[in-house]
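A.B. asks: Let me give you the structure first, and then I'll get to my questions.
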Amino acid sequence: MKNIITIDHGSGGQLTSQLIEDIIVPSFQNDALSELKDGAILINQEHPLVFSTDSFVVDPWNFSGGDIGKLAICGTNNDILMAGGIPKYLSCSLIIEEGFLLDDLKLILNSMKETAKACDIQIVTGDTKVIEKQKGNQIFINTSGIGFLKRKTSYSYKEEDVVIVSGSIARHGASIFMAREDIQLLGEVHSDCAPLNEQAKNAMDIEGLRIMRDPTRGGVATTCIELIEQTEFGMELYEQEIPIDLDVKTLCSLLGFDPLYLACEGRMLAICAKEDANKMCQALGQDAKIIGKITKSHPKELHLKTKLGATRRLRKLSGQPLPRIC
């Protein structure tokens, strides 16, 4: 690792993993942190809690399908769900650059209010700071959340477990890039930014559920590697089965992006027992698809079975193809 922080350390890819695993986690070593899930499970005498926090620095702050306010609520709400919790309370901290329009701030706060209402979650505390002009990026938001544990999940896979995605991938990353670069295709690419409450709660009721995760920074490929790198299992994905909408495919083809590495903000991955695959697809909605399986044939490695019948090894995101997407 270089002896300075670079922008690539925030990409959600290989450098992010090295920063977390080599420097941050050893500094605060404890059992809850070491599991490296989207949220930490906090054991207490009455009922286990799930706690998560996230910071949002998206550029631009408004985009087709959402804005930084909606993104901040969905992000922490979904992280609690992915850790097996039912979200209840959020904090909201704002870092606002001098000169930011009050009308824009009101739009963001209203978006947060409406999204929190849809998630059945309350914003109960917070903080506000203002920084000098050109010392930030208009507005940054941090949200922390607490929920009650409903279903503890783990990396306890079995061979032939299936990998399911709840819907088409890469829409958020594509939407942010189009908004930033003012790219116009035949129509706008709307972000998939959305709460995952219904799908996650349904998934928690299925006995064969192993684990859940939302593929945000680093996309589906990086997230899938994170799901196996602490185990003795590998994973295979089937390119033909991975749902990607035509507008996203078009953008990726034009600009040379790989949709497997573009962020989602309203999709979830679930690994479950093969015999519960149909139940899980029904739980996650009509757009859910089986896209892969757990295998022992290549431990800790993610392989993609291509449409042409070849096999390609996928690695974590390297570099920063789309900065500031969440």
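The values are calculated or read from the model by the stated rules, or taken from the named source; none is laboratory data. Note that the structure is predicted; figures quoted are calculated from it, not measured. With ideal geometry, Cβ positions are generated from the backbone for all residues, glycine too; neighbour counts draw on all protein chains shown. Accessible surface is based on the protein model in full, side chains and every heavy atom, while ligands, DNA and RNA are left aside. Shrake-Rupley method; radii C 1.70, N 1.55, O 1.52, S 1.80 Å.
A.B. asks: In segment 231-254, which residues are over 26 Å from LYS279 (Cβ atoms) and touching a residue at least 12 places away in the same chain (Cβ under 8 Å)? Explain how you work it out, then say what you get.
C.D. replies: Initially, segment 231-254 is screened for residues over 26 Å from LYS279 (Cβ atoms), giving 232, 246-254.
Matches in segment 231-254: GLU232, ASP247, VAL248, THR250, LEU251, CYS252.
A.B. asks: Can you name the residue in segment 87-131 that is over 11 Å from ILE141 (Cα atoms) and polar (S, T, N, Q) and, of all such residues, is most open to solvent (accessible area, probe 1.4 Å)?
C.D. replies: GLN122
A.B. asks: May I pose another question? Which residues, counting only those in segment 268-306, are outside any helix (DSSP H, G or I), touching a helix residue (DSSP H, G or I) at 6+ places or on another chain (Cβ under 9 Å) and open to solvent by 20 Å² or more (accessible area, probe 1.4 Å)?
C.D. replies: Selection gives GLY285, LYS289, ILE290, LYS293, PRO299, LYS300, GLU301, LYS305, THR306.
A.B. asks: Let me ask something additional. For segment 46-57, how many residues are at pLDDT 90 or above and not in a strand (DSSP E or B)?
C.D. replies: Here is the first cut: in segment 46-57, the residues at pLDDT 90 or above are 48-57.
Remaining after also requiring not in a strand (DSSP E or B): 48, 57.
Residues flagged as at pLDDT 90 or above and not in a strand (DSSP E or B) within segment 46-57 amount to 2.
A.B. asks: Hey, another quick one. Taking the stated definitions as given, is GLU159 touching a Lys or Arg at 6+ places or on another chain (Cβ under 8 Å) and surrounded by fewer than 20 Cβ atoms within 10 Å (Cβ to Cβ)? Reasoning before the result, please.
C.D. replies: On the way: touching a Lys or Arg at 6+ places or on another chain (Cβ under 8 Å): yes; surrounded by fewer than 20 Cβ atoms within 10 Å (Cβ to Cβ): yes.
It is true that GLU159 is touching a Lys or Arg at 6+ places or on another chain (Cβ under 8 Å) and surrounded by fewer than 20 Cβ atoms within 10 Å (Cβ to Cβ).
A.B. asks: If you don't mind, another one. Inspect segment 72-82 for any residue being modelled with pLDDT under 75, of a type in the set (Ser, Thr, Tyr) and surrounded by 14 or more Cβ atoms within 10 Å (Cβ to Cβ) and give the result as yes or no. Reasoning before the result, please.
C.D. replies: Of the residues in segment 72-82, the ones modelled with pLDDT under 75 are none.
So far as segment 72-82 goes, no, none of its residues is modelled with pLDDT under 75, of a type in the set (Ser, Thr, Tyr) and surrounded by 14 or more Cβ atoms within 10 Å (Cβ to Cβ).
A.B. asks: Scan segment 162-220 residue by residue and report those that are touching a His at 6+ places or on another chain (Cβ under 7 Å) and among the hydroxyl-bearing types (Ser, Thr, Tyr).
C.D. replies: SER175, SER191
A.B. asks: With respect to ASP79, determine if the residue is among the acidic types (Asp, Glu), under 30 Å from LYS150 (Cβ atoms) and part of a helix (DSSP H, G or I). Outline the logic, then answer.
C.D. replies: Values: among the acidic types (Asp, Glu): yes; under 30 Å from LYS150 (Cβ atoms): yes; part of a helix (DSSP H, G or I): yes.
For ASP79, the condition - among the acidic types (Asp, Glu), under 30 Å from LYS150 (Cβ atoms) and part of a helix (DSSP H, G or I) - is met.
A.B. asks: Given the residues ASN197, ASN202, which is the only one that is modelled with pLDDT of 95 or more and more than 17 Å from the chain's Cα centre (by Cα)? Outline the logic, then answer.
C.D. replies: Working: ASN197 fails: more than 17 Å from the chain's Cα centre (by Cα).
Just one listed residue meets the conditions, ASN202.
A.B. asks: Also, quick follow-up: Among residues belonging to segment 311-326 that are modelled with pLDDT of 90 or more and surrounded by 19 or more Cβ atoms within 10 Å (Cβ to Cβ), point out the one that is nearest to LEU262 (Cα to Cα).
C.D. replies: The selected residue is LYS316.
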